[in-house]
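Worksheet for the structure shown next.
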Amino acid sequence: MVNATATRVEMMRREIPGADGREAVMFLITLPPGAAAPVHAHPGIGVGYVLEGSYESQYEGETLQRFEAGDAIYDLAHTPHLIARNASNSLPLRFLMTFIVAKGDSTLLPLPPPQ
C-alpha cells in the first residue's frame, strides 16, 4: 500500500475441502484518508464487505466503481486492478476481503503502472 499507515492484516487462511488445493484467505484492510494501493492483480477471485468509509475500485476495461459502508465487493482474478483507494480525504476506509487462491499463493501480484 502507498501510505505507511495502511494495513492489510491476515485474519484467516484455511484450505477448502474438495477444492483441489485451494484455500480461502481473509484480510482486514485499512486505508487512511487519501491512501491507495499500487497497480496490482489478484491470482484468484475476491469477495468483500465495506465496514467503514468509501472505497473506489477500477479494473482494466471497466468503469470506476464506488462502494460505501454496507456494500459488497467482488474482485476480479487475473485482471489489472488499476485503482483501489480510499475515496475520502478525511475519513478512514476499512473493509474485509476474502480471496480464493491456490494453497500458499499470495493474494496480491504487483504490476507495473500503466503507460
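The values are calculated or read from the model by the stated rules, or taken from the named source; none is laboratory data. All figures in this text were calculated on a predicted structure; none of them were measured in a lab. Using ideal geometry, Cβ is built from the backbone for each residue, glycine included, and neighbour counts are taken over all protein chains shown.
Suppose we filter R14, R8 for residues that are among the basic types (K, R) and either crowded, with 16+ Cβ neighbours inside 10 Å or under 11 Å from the mean Cα position of the chain (by Cα) (or both); which single one remains?
Criteria check complete, one pass: R8.
Determine the pairs where a residue that is farther than 17 Å from A24 by Cα, located within the stretch 103-115, has a partner that is β-branched (V, I, T) and in a loop (DSSP other than H, G, I, E, B) with Cβ atoms under 9 Å apart, the partner being 6 or more residues away or on another chain.
Listed pairs, sorted by first residue: P110/V39; L111/V39; P112/V39; P113/V39; P114/V39.
So which residues in the stretch 13-69 are closer than 19 Å to P114 by Cα, without any contact (Cβ under 8 Å) to a residue 60 or more places away in the chain, out of contact with any Ser or Thr (no Cβ under 7 Å at 6 or more places or on another chain) and not aliphatic (A, V, I, L, M)?
E56, S57, Q58, G61, E62, T63
Considering only residues that are farther than 14 Å from I29 by Cα, touching a strand residue (DSSP E or B) at 6+ places or on another chain (Cβ under 7 Å) and part of a loop (DSSP other than H, G, I, E, B), which ones fall in the stretch 69-83?
G70, D71, L76, H78, T79, P80
Go through the stretch 2-49 and give me each residue that's among the acidic types (D, E) and on the phi < 0 side of the Ramachandran plot.
E10, E15, E23
For residues that are assigned to a strand (DSSP E or B) and not aromatic (F, W, Y), tally how many sit in the stretch 1-45.
Result for the stretch 1-45: 21.
Would you please list the contacts, defined by Cβ atoms under 6 Å and residues six or more apart or on different chains, that run from a residue in the stretch 70-91 that is more than 19 Å from Y49 (Cβ to Cβ) to a residue that is surrounded by 13 or more Cβ atoms within 10 Å (Cβ to Cβ) and of a type in the set (V, I, T)?
Qualifying pairs under 6 Å: L82/V39.
Only one residue in E52, E68 is at negative phi, in contact with a Lys or Arg (Cβ under 8 Å, 6 or more places away or on another chain) and at pLDDT 95 or above. Which one? Even if it seems obvious, please write down each step before you answer.
Numbers: E68 fails: in contact with a Lys or Arg (Cβ under 8 Å, 6 or more places away or on another chain).
From the options E52, E68, the qualifying one is E52.
Do you know which of the residues in the stretch 84-115 that are in a strand (DSSP E or B) and of a type outside the set (A, V, I, L, M) is nearest to A37 (Cα to Cα)?
Filtering the stretch 84-115 for residues that are in a strand (DSSP E or B) and of a type outside the set (A, V, I, L, M), the one nearest to A37 (Cα to Cα) comes out as R85.
Just to check your reading of the model, which residue among A24, A37 is at pLDDT below 95, surrounded by 15 or more Cβ atoms within 10 Å (Cβ to Cβ) and either closer than 13 Å to I100 by Cα or within 12 Å of the chain's Cα centre (by Cα) (or both)?
A37
Considering only the stretch 84-105, I want to know if a residue exists there that is β-branched (V, I, T), touching a Leu at 6+ places or on another chain (Cβ under 9 Å), buried (at least 17 other Cβ atoms within 10 Å of the Cβ) and modelled with pLDDT of 95 or more.
Among the residues of the stretch 84-105, not one is β-branched (V, I, T), touching a Leu at 6+ places or on another chain (Cβ under 9 Å), buried (at least 17 other Cβ atoms within 10 Å of the Cβ) and modelled with pLDDT of 95 or more, which makes the answer no.
Hey, V47 hits all of (1) surrounded by 14 or more Cβ atoms within 10 Å (Cβ to Cβ); (2) at pLDDT below 95; (3) hydrophobic (A, V, I, L, M, F, W, C) but one; which does it fall short on?
Result: V47 fails condition (2) only.
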